[in-house]
Number of protein chains: 2
Amino acid sequence: MSLLKRYSGNPVISPRDVRPSLEGYVVQGAFNPGAVDLGTETVLLLRVAEGCEQKPGKVRAPMCRLGAVGACPAILEVDADDPDLKLKDTRGVWYRGRDYLSTMSHIRIARSPDGYDFRVDPSPFIFAGNESEIYGVEDARAVNIENRWYLTYTAVSPDSWATALAITEDFQSIRRLGLIFHPENKDVAIFPERVGGKFMALHRPNNSGFGRASIWFAESPDLLHWGNHRCILRPRDTRWECMKIGGGAPPIKTPEGWLIIYHAKGEDSLYSLWGALLDLEEPWKVVRRGREPLLYPEEPYEVEGFFGNVVFSNGVIERNGRLRVYYGAADQYTCVAEASISDIIGSL
Amino acid sequence: MSLLKRYSGNPVISPRDVRPSLEGYVVQGAFNPGAVDLGTETVLLLRVAEGCEQKPGKVRAPMCRLGAVGACPAILEVDADDPDLKLKDTRGVWYRGRDYLSTMSHIRIARSPDGYDFRVDPSPFIFAGNESEIYGVEDARAVNIENRWYLTYTAVSPDSWATALAITEDFQSIRRLGLIFHPENKDVAIFPERVGGKFMALHRPNNSGFGRASIWFAESPDLLHWGNHRCILRPRDTRWECMKIGGGAPPIKTPEGWLIIYHAKGEDSLYSLWGALLDLEEPWKVVRRGREPLLYPEEPYEVEGFFGNVVFSNGVIERNGRLRVYYGAADQYTCVAEASISDIIGSL
């Protein structure tokens with residue numbers, strides 16, 4: 001039985017709640033939300049994945065057109081028997097020397113007065129904006145540092161995937177600050193305050209060689225430039241974690257340490273959520289680590305979907321000693337589960 | 001015919017010129033040198049790859065033992081029929097839950113009064129020194145910035161491979177400054193001076209997804225922390241470059257731009273050397289790029305060896321308008337080839 005208790009009204013957001021960003025697009029997922037507590041309002045930064053309505057005899061795929069002031073959504077439409085078209089696996093097609101993805105993501109805002117009942121904005125918040133985002137933007141995280149809201153998100157392009165930083169004043173527009181972690185890197189969670197005078201972050205480089213994708217630590221003088229990279233949390237040889245692990249929402253400060261809820265990918269590509277505690281003053285040191293998952297796929301909306309058997313969190317809100325863990329289920333839905341901080345730490 | 005003219009005495013350094021760093025080790029390669037012009041002396045920073053002398057009925061592999069003050073070379077020796085031993089491909093073995101490489105590299109210094117006749121130091125200059133280097137250190141590059149010598153090298157460990165920064169006063173000892181580019185990243189070349197007030201570097205993230213490994217650009221306020229990553233030079237669809245490309249020695253400043261000698265990996269894993277010119281004030285802009293290789297494997301010491309058909313350069317010395325391009329051949333030898341800067345630029 002999971003320590004995190006699911007909200008009875010899950011999922012709180014489904015693809016049908018989201019208006020497509022272009023006529024001819026189909027929303028296939030509204031998931032992996034960043035989460036922000038604005039006091040009177042809970043703001044989620046949804047990852048919205050869109051494909052195209054298909055037409056007989058045609059192959060259609062979402063694409064960005066880069067223009068003078070960024071990018072705009074568009075549709076690639078090719079005759080199915082076009083000799084320049086190659087169908088790849090379900091993730092995309094190849095046409096005249098370029099890859100196109102079958103789904104492309106942007107970040108959309110959803111707002112709620114109570115954290116459960118959400119209204120989704122009619123248009124994108126972060127859409128592909130430059131050459132490094134031409135395949136879309138995914139999995140936003142939000143953190144308030146020194147009274148400013150910083151966002152990190154995965155920027156995807158024909159050159160690979162990396163992590164971008166942006167700043168927002170109002171959750172309506174952003175100012176881009178560049179790629180802060182080069183390919184291949186995602187799951188970047190910046191700490192909400194300086195530690196020992198430096199900004200700090202967890203990140204997750206890919207690992208295609210020996211070793212397995214693990215959680216790394218980095219430092220920065222200015223949030224823009226990062227260094228002193230160190231591997232601090234590795235997958236364990238269990239059915240839960242054996243493939244890889246990665247960080248979640250920005251760490252939560254508690255008297256006992258920095259609490260993180262991370263995700264693990266295990267046997268049969270099953271994703272689960274776990275807790276760990278990092279040292280308050282030297283957060284590259286792991287103090288405690290859970291031996292049981294805090295949440296794993298059990299409900300139908302977690303087990304079945306666009307990519308089943310996935311729970312993945314990059315948005316956590318702390319309120320009155322309790323954590324609301326927003327999470328993506330089956331790469332399709334947005335859900336929430338809760339527990340007290342003391343219960344979570346006690347379980348580690 | 002290559003534009004770079006080979007020295008008639010190539011190779012200038014062979015494995016037999018290098019004393020093993022431990023009894024029982026066998027030097028298999030002395031290659032991919034960083035290069036430094038100290039006026040009266042040319043200093044090369046060799047990558048020395050060592051395996052173990054084998055014994056009947058045993059499997060032996062080089063390893064590091066981490067101690068209180070760094071690491072020291074050691075040998076894993078296991079009975080060939082030990083049930084806990086698994087032979088992997090030729091690159092290593094697995095024993096009791098850990099991988100061991102069949103060869104491990106360190107950085108060794110070679111010195112020459114004329115740049116051709118080298119004497120190799122008897123012991124390592126940079127040997128594995130911490131957890132991020134437990135599988136060795138490879139492919140050093142040296143650059144003088146504001147009258148200090150900075151070194152970058154590939155740090156290899158069970159957690160993957162990444163790029164470390166160090167500083168040296170005397171080419172006898174180093175002070176480590178941490179990993180500046182997280183996994184998977186190598187081929188880091190720092191510019192010898194600030195441009196627009198910032199330090200700048202080329203680097204080469206791995207690419208296991210869509211796209212191919214390309215040359216990226218990054219900026220830094222302090223050499224320790226890096227950001228604003230941008231992909232600036234991609235492989236072309238030719239037999240020379242179709243697999244990947246990566247940066248070489250630190251860029252050479254010329255009146256026409258920053259000259260770089262980069263390497264390409266093409267069909268049949270053949271490596272060749274190429275030239276490109278970057279804008280002087282905005283070095284993330286590529287001004288010119290060669291259409292023919294500056295050097296490709298032709299000589300026996302390039303075509304045959306530990307890994308044949310490879311020429312790879314990370315050390316270039318400029319003197320009187322000419323470049324001496326030191327390069328590794330076949331992952332085994334160190335060689336040198338030369339051309340005038342004007343001829344190279346004229347060919348781009």
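Here are a few things to note about the model shown:
- For the pair the stretch A:164-223 and the stretch B:182-247, the centres of their Cα atoms are 18 angstrom apart.
- FRET E, pair residue B:99, residue A:269, Förster distance 35 Å, beta-carbon r, rounded to 0.05: 0.90
- Overall form of the protein assembly as shown per C-alpha gyration tensor (a/c, 1.5; a/b vs b/c): prolate
- Hz values of 3J(HN,Hα) by residue in the stretch B:53-62 - Karplus curve (6.51, -1.76, 1.60), Gly and Pro given as x: 4, 8, 10, x, x, 10, 10, 10, 9, x
- Vicinal HN-Hα couplings computed from phi for the stretch B:258-270 (Karplus, 6.51 cos²θ - 1.76 cosθ + 1.60; Hz; Gly/Pro x): 7, 8, 10, 10, 10, 10, 10, 10, x, 4, 6, 6, 7
- Carbon + sulfur, % of accessible area of the protein assembly as shown - ligands and nucleic acids excluded, 1.4 Å: 47 percent
- Radius 14 Å from Cβ of residue A:291, net charge of other residues (Lys, Arg +1; Asp, Glu -1): +1
- Model label zone, residue B:285; criterion: amide N under 18 Å from point 7 Å along Cα-to-beta-carbon; scope the stretch B:202-220: B:217-219
- The stretch A:282-298 - phi-based ³J(HN,Hα) in whole Hz, Karplus 6.51/-1.76/1.60, Gly and Pro as x: 10, x, 7, 9, 8, 8, 9, 8, x, 10, 10, x, 6, 7, 9, x, 9
- Dipole magnitude of the protein assembly as shown about its Cα centre (Cβ charges: Lys, Arg +1; Asp, Glu -1), debye to nearest 20: 220 debye
- FRET efficiency, 1/(1 + (r/R0)^6) with R0 51 Å, evaluated for residue A:148 and residue B:342 via beta carbons: 0.50
- Each other copy holds its own label point for residue B:122; taking that point as 7 Å from Cα along Cα to Cβ, the gaps run 8.2 nm, nearest first.
- Once B binds A, the 1.4 Å probe can no longer reach about 2900 Å² of accessible area, counting both sides.
- Residues of the stretch A:5-346: accessible area per residue with a 1.4 Å probe, Å²: 39 Å²
- Those lysines that a straight Cα-Cα span of less than 22 Å connects to residue A:198, excepting residues fewer than 8 apart in one chain: A:186, A:253, A:285, B:198
- Distance between the stretch A:20-68 and the stretch B:259-327 - C-alpha centres, whole angstrom: 43 Å
- Here's how it looks for residue B:289: its modeled amide H is under 5 Å from those of B:277, which are all 5 or more places away or on a different chain.
- Shortest-first nm distances, residue B:86 label point to equivalent points in other copies (7 Å, Cα→Cβ): 3.3
- Translational diffusion of the stretch A:5-346, µm² s⁻¹ [Kirkwood Rh, Cα pairs; Stokes-Einstein; 4 °C; 1.567 mPa s]: 64 µm²/s
- Among the GluC sites (Glu not before Pro) found in the stretch B:80-170, those both in a DSSP coil and sparsely packed, with 16 or fewer other Cβ atoms within 10 Å of their Cβ, are B:146, B:169.
- For the stretch A:167-218, the square roots a ≥ b ≥ c of the C-alpha gyration tensor eigenvalues yield an a/c of 1.5 or more together with a/b not exceeding b/c, which makes the shape oblate.
- Shape of the stretch A:231-348, Cα gyration tensor, a/c cut at 1.5: oblate
- Bridgeable lysines around residue B:55 (alpha carbons under 29 Å apart, same-chain partners fewer than 8 residues away excluded): B:86, B:88.
- Taking every alpha-carbon pair under 8 Å whose residues sit at least 6 apart, chain A reaches a relative contact order of 16 percent.
- On full extension, the segment bounded by residue B:19 and residue B:253 gains 80.6 nm, given 0.36 nm per residue less the C-alpha separation.
- Copy-to-copy label separations for residue A:304, where each label sits 7 Å from Cα toward Cβ, in nm and ascending: 6.4
The values are calculated or read from the model by the stated rules, or taken from the named source; none is laboratory data. It should be emphasised that the depicted structure is a prediction, and the values quoted were computed from it without experimental measurement. We place every Cβ from the backbone using ideal geometry, glycine too, and count neighbours over all the protein chains shown. Areas reflect the complete protein model, heavy atoms only, side chains present, ligands, DNA and RNA absent. Shrake-Rupley method; radii C 1.70, N 1.55, O 1.52, S 1.80 Å.
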